[in-house]
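Here the structure is laid out as structure tokens; the discussion comes afterwards.
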Amino acid sequence: MAQIILLPGKERSAFKLHHPWLFAGAVGRLEGRARPGDTVEVLADNLRPLGRAAYSPRSQIRARFWTFDPDESVDDAFFKRRVAAAVARRQALPELCGQSGRRLIHAESDGLPGVIADQYGDTVVVQLTSAGADKWRKAIVAGLLKATGCARIYERSDSDVRGLEGLEPATGWLHGVAPDSPPSIEENGVSLTIDIVAGHKTGFYLDQRDNRALLGQLAAGKEVLNCFCYTGGFSLQALAGGAAHVLSIDSSGPALAQAQANLALNPQLPAVRAEWLEADVFSALRDFRKDGRSFDLIVLDPPKFAPSAAHAERAARAYKDINVLGFRLLRPGGLLMTYSCSGGIGLELFQKIVAGAALDAGRDARIVRRLTGSADHPVALNFPEGEYLKGLLVQAD
Ligand code: SAH
């Protein structure tokens, strides 16, 4: 096995904190030969062994630790254990009882950097985003089959981040064949069809499950505006919760078509109270302002404006703009449910942005609740980067 020897003084993050990423700037030298994804031994400059990691020569994250036990073998049995433990963690969560859509593996936070696995009924969708994860795909798939007994596994490794690792996109069936109809799930009593082939990410945003349930609890009798609605997850929960009217906006025609198909799957919901608008949220909200429209409850769940810290400043302006527009359309006493899923924007900064937006809109506002991703998207204590979804439920006078 090749060895990475760190520069003097660069072992702290691995040794003291067990942080799973080793940045290029910490690496002194590579002893031996390693190809992308190969397992390497990581040693401090005094040659004290720190653990075993997957080598990513093309990435600034030069290696991702599989284990901090220098004696643990990284082999098929290792992945079987890690995958089984991740699946068991979800089985132990009471809030997932009865949810047929769930995240099974949340990458670093489950000790499996570069590995995402989401289950939709009896179909599991995997996304492998690092060279190491890609290399061990067979073992990971075997582990998932054993731990879940699922009928089929589909790969959606088409995320941009693979390019940073020198990997081509990869999609297709890894186990089983395409079902006659796309998988569907039941989420908090609402049925949703998941487009695992062409939808975003693995097809659906499971991280917002708990927040969608919360919206349902808040929606009774309210006029709701759901911005960036994608396939209608928040919209349908608002209707289920007794909203008087739900206006949903997205710029994607296919997403809106799927949202409407999802509503049709739920004859128990009052479809007449739902309105769908294909538009750019920024300009639609400006138009609503001109028309003097207002709402009791507004959801802002935009796409990632800042993929990394380098984009933070421009992204901050976009978050500010959208939140100013939101506050301006909120009736007195109304609630704004606002999110950022940008890794480059921390919670503290996001709160400042939203506070600035309220001020610009001339609103006196307070946080009623802080919102995070659902329980199947845990954040490892030593991996704060795993906390990408930040949300605030804000009430404005
Ligand atoms: N809230 C959704 C997930 C939102 S994903 C859920 O719970 O499932 C972000 C969505 O924003 C995508 O559907 C994308 O099509 C849409 N989008 C991106 N930019 C947009 C814009 N400027 N105006 C309107 N929609 C936009």
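A few notes on this one:
- For the range 1-139, a crude dipole built from +1 on the beta carbon of Lys and Arg and -1 on the beta carbon of Asp and Glu, taken about the Cα centre, is about 240 debye to the nearest 20.
- Amide hydrogen neighbours beyond the local backbone of Leu174, cut-off 5 Å, H modeled: Ile153, Tyr154, Glu155
- Per-residue extension of 0.36 nm, minus the Cα-Cα distance of Asp360 and Leu47, leaves a gain of 107.1 nm for this segment.
- Förster-model FRET efficiency, 41 Å R0, Ala310 and Ser181, C-beta, rounded to 0.05: 0.45
- Karplus-derived 3J(HN,Hα) values for the range 319-334, using 6.51 cos²θ - 1.76 cosθ + 1.60 with θ = phi - 60°, are 5, 4, 3, 5, 6, 4, 4, x, 4, 5, 9, 8, 5, x, x, x Hz; glycine and proline are entered as x.
- Ranked by how many other Cβ atoms sit within 10 Å of their own Cβ, fewest first, the residues Lys222, Lys16, Lys304, Lys146 fall in the order Lys16, Lys146, Lys304, Lys222.
- Helix-only [θ]222 nm of the chain, DSSP H runs n ≥ 4, -39500 (n - 2.57) each, per residue, nearest 500: -8500 deg cm²/dmol
- Amide H contacts under 5 Å for Phe305: Cys341, Ser342, restricted to partners 5 or more places along the chain or on a different chain, H placed in the peptide plane at 1.01 Å from N.
- Fraction of antiparallel bridges per DSSP, the chain only, in percent to nearest 5: 65
- For Ile140, Ile322, order by how many other beta-carbon atoms lie within 10 Å, fewest first: Ile322, Ile140
- Using a simple spin-label model with pseudo-atoms 7 Å out from Cα toward Cβ, Arg370 and Lys201 lie 2.1 nm apart.
- Additional length obtainable on full extension of the chain from Val161 to Gln395, 0.36 nm per residue less Cα span: 80.6 nm
- Cα gyration tensor, the range 50-116 - rounded (a/c under 1.5), prolate or oblate: prolate
- Rounded to the nearest whole Hz, the Karplus-based 3J(HN,Hα) values (6.51 cos²θ - 1.76 cosθ + 1.60, θ = phi - 60°) of the range 107-118 follow the sequence 6, 3, 5, 10, x, 10, x, x, 10, 10, 9, 10, with x at glycine and proline.
- Of Thr148, Gly172, Ser159, farthest towards positive along the dipole that unit charges on Lys, Arg, Asp, Glu beta carbons give the range 137-180: Thr148
- Net dipole in debye of the chain [+1 Lys, Arg Cβ; -1 Asp, Glu Cβ; about Cα centre; nearest 20]: 600
- Karplus-derived 3J(HN,Hα), 6.51/-1.76/1.60, for each residue of the range 386-397, Hz, glycine and proline x: x, 8, 8, 8, 10, x, 10, 9, 10, 10, 10, 6
- Across the options Ala26, Leu128, Ser13, the greatest Cα extent toward the positive end of the charge dipole of the range 1-156 (unit charges at beta carbon of Lys, Arg, Asp, Glu) belongs to Leu128.
- Partner lysines for Lys222 [C-alpha distance under 23 Å; skip if fewer than 8 residues away on the same chain]: Lys290
- Close amide H partners of Arg62, meaning residues 5 or more places away or on another chain with modelled amide H under 5 Å apart, are Leu22, Phe23, Ala24.
Read the figures in this text as sums done on the coordinates, not as results from a lab. Just so we're clear, the structure is a prediction, and the values are computed from it rather than from any experiment. In this analysis, Cβ positions are derived from the backbone assuming ideal geometry, glycine residues included, and neighbour counts consider all displayed protein chains.
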